[in-house]
Amino acid sequence: MHECGGLTDGAMKRRTTRAAGIGAGLAAALLFALAGSVWLYAHDDWQRTRALLTAWLSVTLGRDVRLAGPLAVDPDWPGTRIDLRDITVERREGERVPYLLHVDRLRVTVDLSRLLRGDVVLPVVVVDGPDLRLERDAQGNANWRLPPGPDPAPESRGEIPVVEHLRIDAGRVRYRDVARDVDLDLRLARVAGSAEEEAPRVGLDGRGTLRGQRVQFHVTGGSLDALRESDAPYPLAGTIEAGATHARFDGTVRDPVDARGFDVELTIEGASADELYPLTGIALLPTPPYRVTGRLRHVQGIWHFDDFSGRMGSSDLAGNLRWHPAEPRSRLEAHFVSTRLALADLGPLIGIDDAPAEADDGRVLPDVPLALERMATMDADVVFDGARVVARRLPLTDFHLRLRLEAGVLRVSPVRFTSGAGAFDTWATVDGTRDPPAVELRSEARAVPLAPLFAAAADALDEPNVAAGSIEGTSTLHGRGRSLRDMLAHADGRLRLQLVGGHLSQVVIELVGLDIAETVGFLLKGDRPVPVRCMLADFDVAAGRMQPRALVLDTTDTVVTGSGSIALDSERVDLVLTPEPKDFSPLSLRAPLTIGGTLGDPQFGVAKRGLIARGAAAAALALIFPPAAIAALFEPGTGEDANCAGLLSRVTEPLSTRHE
């Protein structure tokens, strides 16, 4: 499909043929010229015949043609044999390839009796060592484009000379596309075919490299006689392997001369869909391992992959895809659907690095780089719907993603996860015309349930009522970077979260305050929920550093306030939570709770300064009156209710609001 990326309609389409069409055109011109030279050779010397032949070919192809080897002709009747060696179709000035085509040896038998009746019949064609060099430069200019004038390639399948027996040995095709960074080197072991109806189908075997990856293929077609049947589709089947990508196809092509009208059943599988780019020119997103089967058709210059179905990771996958090769940018339209979508399978798709643990640096912010060079080669409009999301501990119901890529600018509008009546949406704009790209992110959480986020704690405490309620929030961030991690390391913006209604476990509240007596008591006789008056986490983000404007949790028992910072570049966490109880509690070791470590491995502890002060007071009292020592561990309960109305009014402020 990738080669079709350079085709346009009309005259350009005829001028920019594929490798097969190029070879057919050059071979046709050469064969017609050789047939006409038979008579000349019988009445003239070799030098003049070779000069006339090379002159005619050079004018026809618009480039010099050199015949360096001997020309041997056996003018038998009716089959005249022609043997020509060391043929070179030279490169034009400015082209980087050493030549367009070189053939070590060409042996052709011409049926003169049928040639006199106007039919070109070649009982035998043997080509040894053909080497075809194709190249498209950074401006899209192809070295195989022919000059204005009659096209030597056949206009239809019926114009192809009748070849009764064909063999091509030790062939090579080299294709380079500078703009798309494609370097394909294929070696053809043998191409063999016969016009006899009962003969084996035409076979093509080859192997080579594509961007350093091993490529291997086997293609079979109908008989050589079927190749000329203009009314009947030509049967085609084969397999292609490129690195971890494997494809199998079986169907027909309406016009094999111009490679149009493909209609095949295609099964394709691989480690990730983005590895299809070198083969097809389609820049898809990374995915888990996949396998899909569908109908591939080529209709009026557009590739259709219809009604495909299969698997992606642990998820089912189906949909339709349209690929319109064009210059300067191709266009992709696709709709993917999964009826049972595993949340883990979305990781690579939405930019989350799924590198194995041994290769992980411990950081959790995704570091999957954007392929800027691919963004510049195509436009796209892609929709992905997950009818049911399967996620451990998260009650997600469905998923929606829409990506639009135009002129190097990617817009995500939006990525949406739905959970019952709640939803989490993210919109993004990535300007890939700049390096590093400019990125804007905007997120919104609406009625996201809190309980699933505390599922692990509920299991550990064996308490079902650890948390309840829903989270609301918004964020706006902007920065530059080739990955989300890189962008966040230098981002500016604001992030806010609030808890609407609900409750937290008494155990959790008391553990935050390190209340020994009450915590032990609740663990012995059972937990009870504590209503949450309000919770607000309001962070400013500047140069990749998050600092709280307000970090408050207010329950009927305790007010917890927070301070500190989070560095998004190193992912280091440095927060202090200070509890102020509202009730009297004995045996309390209340002191600021510290949260350190990293986002991926947070470390919880107690501020040493608070504990030392509390312990020193107990020691002093013990010297004066031992029973009074325990008084230092009593909590008088001086905490006051937070101004929830004032705090939560922040949520209605525009995110662009800054400190005065």
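Read-outs: derived from the displayed coordinates by stated rules, not from any lab. Just so it is clear, the model here is predicted, and its values are computed rather than measured. Glycine gets a Cβ as well: all are built from the backbone with ideal geometry, and neighbour counts include every protein chain shown.
The Cβ shell under 15 Å around GLY243 holds other residues with a net charge of -3, Lys and Arg each +1, Asp and Glu each -1. Sequentially through the range 438-452, phi angles give Karplus couplings (6.51, -1.76, 1.60; θ = phi - 60°) of 8, 10, 10, 10, 9, 10, 8, 10, 10, 6, 7, x, 7, 3, x Hz, Gly and Pro residues having no value and appearing as x. Once each part is reduced to its C-alpha centroid, what is the distance from the range 63-108 to the range 371-385 in angstrom? Here the answer is 44 Å between Cα centres. Shown is the FRET efficiency for ARG331 and ASN141, computed with R0 = 25 Å from the Cβ-Cβ distance and rounded to the nearest 0.05: 0.70. Derived scalar couplings between HN and Hα for the range 412-427 equal 10, 8, x, 9, 10, 10, 10, 9, x, 7, x, 7, 10, 10, 9, 10 Hz in order, rounded to whole Hz, by the Karplus curve 6.51 cos²θ - 1.76 cosθ + 1.60 (θ = phi - 60°), x for Gly and Pro.
Relative to a virtual label point 7 Å from the Cα of ALA542 in the Cα→beta-carbon direction, which members of the range 559-574 show backbone nitrogen distances below 16 Å? Zone members listed by number: 564-568. Packing, taken as the mean count of other beta carbons within 10 Å per residue, orders the peptides 483-492, 168-177 from highest to lowest as 483-492, 168-177. Amide H to amide H distances under 5 Å link ALA550 with ASP538, where only residues 5 or more positions off or on other chains count and H is placed in the peptide plane. For the range 564-571, the Karplus equation 6.51 cos²θ - 1.76 cosθ + 1.60, evaluated at θ = phi - 60°, returns couplings of x, 7, 10, 8, 6, 6, 9, 6 Hz by residue, with Gly and Pro reported as x. In this structure, the amide hydrogen of ASP379, modeled 1.01 Å from its nitrogen in the peptide plane, lies closer than 5 angstrom to those of SER330, ARG331, LEU332, counting only residues at least 5 positions away or on a different chain. Pop the C-beta distance of VAL59 and THR397 into the FRET formula with R0 = 45 Å and round what comes out to the nearest 0.05. So, using R0 = 45 Å, E works out to roughly 0.05. About its Cα centre, the dipole of the range 246-433 is roughly 520 debye, where the only charges are +1 on Lys and Arg Cβ and -1 on Asp and Glu Cβ. Taking 0.36 nm per residue of separation and subtracting the current Cα-Cα distance, fully stretching the chain between THR429 and TRP77 would add 119.4 nm.
When each of the peptides 126-139, 205-218 is scored by the mean number of other C-beta atoms lying within 10 Å of its residues, the order from highest to lowest reads 126-139, 205-218. Near GLY600, the amide H atoms lying under 5 Å from its own belong to VAL364; only residues 5 or more places off or on other chains count, and H is placed 1.01 Å from N.
For every other residue with a beta carbon closer than 10 angstrom to the beta carbon of VAL108, add +1 if it is Lys or Arg and -1 if Asp or Glu, then tell me the sum. Net charge in that neighbourhood comes out at +1. The range 246-433 has equivalent-ellipsoid semi-axes of 29, 20, 17 Å, by the square roots of 5 times the alpha carbon gyration tensor eigenvalues, sorted largest first. Computed extension gain for ASP104 through ARG248, at 0.36 nm per residue and net of the alpha carbon distance, reaches 48.6 nm. Applying 0.36 nm per residue to the separation of ARG411 and ALA271 and subtracting their alpha-carbon distance, the gain on full extension is 47.8 nm.
Each Cα pair under 8 Å and six or more residues apart adds its separation to the average, and for the range 246-433 the resulting relative contact order is 13 percent. Placing dummy labels 7 Å off each Cα toward the beta-carbon, the span from THR209 to VAL390 is 4.1 nm.
If you plug the beta carbon distance of ARG291 and ALA344 into 1/(1 + (r/R0)^6) with R0 = 25 Å, you get a FRET efficiency near 0.90.
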